[in-house]
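The values are calculated or read from the model by the stated rules, or taken from the named source; none is laboratory data. Remember, it's a predicted structure, so these values are computed and weren't measured experimentally. For neighbour counting, all protein chains shown are included, and Cβ atoms are generated from backbone atoms with ideal geometry for every residue, glycine included. All accessible areas refer to the heavy atoms of the entire protein, side chains included, with ligands and DNA or RNA removed. Shrake-Rupley method; radii C 1.70, N 1.55, O 1.52, S 1.80 Å.
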Amino acid sequence: MNLSRLSRVLLVLFSAAGITGAGIYIYDLFHPRTFYKTGHKPLDVVVGDINADGYPDILAANRNDATVSVFLGSWSGELTEIDPIDTESCPASIDLGDFDNDGTVDLVIGNCNKGGIVIFSGMGDGKFSPAAFIHVGGAPYNVTAVDIDGDGLLDVAASDYPGARMIVLFNNGGGSFAEPISLPTGRKTIAIRAADLNLDGLPDLISSDHKDDGSSVYINQGDREFSERLVVPTGDLPYSIALADIDQDGILDLMVAHSTEPGGISLHLGLGDGTFERHSDFPAADPLIYIEAADINRDGFVDMITTHHDQKYASVYFGRGAGRFDEQPIHIPSENKAYSAAVADVNNDGWPDLATVDYEQDSLAISHGRGSY
């Protein structure tokens, strides 16, 4: 570390931080949070431009009152709430994408009570109308929109928490989807991600299997076919996962947040064939709920952002390249607890901002990045 960098770090640490045994509270990494009221028990948050004005908008899935809160963005980052979307039952997870290729952003919801995937068609002004309910059985918990078969149409992949499987819905166009495909996983599958793990240009699927202490990987073989299940041992109670190239070798690596007591993060380096090797582990003071990967300080290295069970802060582990991270996290204090998180430049100033939802306080919190650390 050069002298100017060291001086800047020390200045931040001593003038704007409170040091604890579990990490460092940094008060000028982000501006103080701005809070917005959501529906009851928000579980998931997603960012995207749903009204085509060039500014990021934010949606929150509210499990207990069966709605999705919609907040429209602006040039300043200030959000305006419009009428929520009535989903009828238990939106556990949401994602955005243009499923019908009409140029407007649509919404997909994992409906955990009725065993279905729900598509809402975007109207182009931030509002949505029901378009399709696809019954898949079980309890779809996490959903992701991705073109799995490379035909130019967005498909849907979901985790089924009680069913120990991943669900794949291929988009046939014209508003129709093929019969769901089930890919067996370990017990209590929570998270699901889609990304190209073996560098063949096709998105593969990976889950976190909470009660089997591992992740399931399915390699996309094209023509709507997948490999046999590959198992990645991750350690106890994997809850959330993120994928990013943390060692700059051009291959995606796996970050796993564990909900053990105390919590922790395990890092697994990708080998380029869909398999991973254990790299390192980071302790956390309490169980982790969510993990996201983003370059928070714009130094060219991936950072890890985590949320914690029953705690009023999120944490940032700064990446240092070559798969290395600061062992002591930076805590971002909050008045409310954080559950899931999304990273995006909400106020268009070039610095990443953090959006979190609080399951207990029914709120969305936005922390605008200062870029000072």
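For the reader, a short list of remarks on this structure follows.
- Protein accessible area in the chain, 1.4 Å probe - carbon and sulfur %: 51 percent
- Using a simple spin-label model with pseudo-atoms 7 Å out from Cα toward Cβ, residue 326 and residue 49 lie 3.2 nm apart.
- Phi-based couplings in Hz for the range 152-157 (Karplus 6.51, -1.76, 1.60; Gly and Pro marked x): x, 10, 6, 9, 10, 10
- Relative contact order, percent, the chain [alpha-carbon distance under 8 Å, six or more residues apart]: 14 percent
- Estimated from the Cβ-Cβ distance and a Förster radius of 30 angstrom, the FRET efficiency linking residue 236 and residue 195 is about 0.80.
- Signed unit charges on C-beta, dipole axis of the chain, positive-most listed residue 126, 307, 191: 307
- Estimated FRET transfer efficiency when R0 is 35 angstrom, pair residue 277-residue 82 (beta carbons, to 0.05): 0.15
- Computed helical MRE - 222 nm, the chain, DSSP H runs ≥ 4 contributing -39500 (n - 2.57), nearest 500: -1000 deg cm²/dmol
- Ranking by accessible area, most exposed first, for 75, 351 with a 1.4 Å probe: 75, 351
- With Cα atoms defining each centre, the range 266-330 and the range 30-67 are spaced 24 Å apart in the structure.
- Rolling a 1.4 angstrom probe over the protein heavy atoms with all chains in place gives the chain an accessible area of 39 Å² per residue.
- Around the Cα centre of the chain, unit charges on the Cβ atoms of Lys, Arg, Asp and Glu (plus for the first two, minus for the last two) sum to a dipole of about 1080 debye.
- Entries in 37/337; 127/312; 41/337; 41/114; 114/337; 41/312 that, when Cα-Cα distance is taken, lie over 20 Å: 127/312; 114/337
- In terms of accessible area, using a 1.4 Å probe and ignoring ligands and nucleic acids, 268, 368 rank largest first as 368, 268.
- The share of alpha-carbon pairs in the range 128-236 lying farther apart than 20 Å comes to 36%.
- Eligible lysines near residue 211 by straight Cα distance, threshold 21 Å, same-chain separation 8 or greater: 188
- At the listed q of 0.10, 0.12, 0.13, 0.16 Å⁻¹, the Debye profile of the range 221-373, built from one uniform point per Cα, gives log10 I(q)/I(0) equal to -0.37, -0.52, -0.61, -0.89.
- Using the Cβ-Cβ distance between residue 298 and residue 176 with R0 set to 30 Å, the FRET efficiency from 1/(1 + (r/R0)^6) comes to roughly 0.10.
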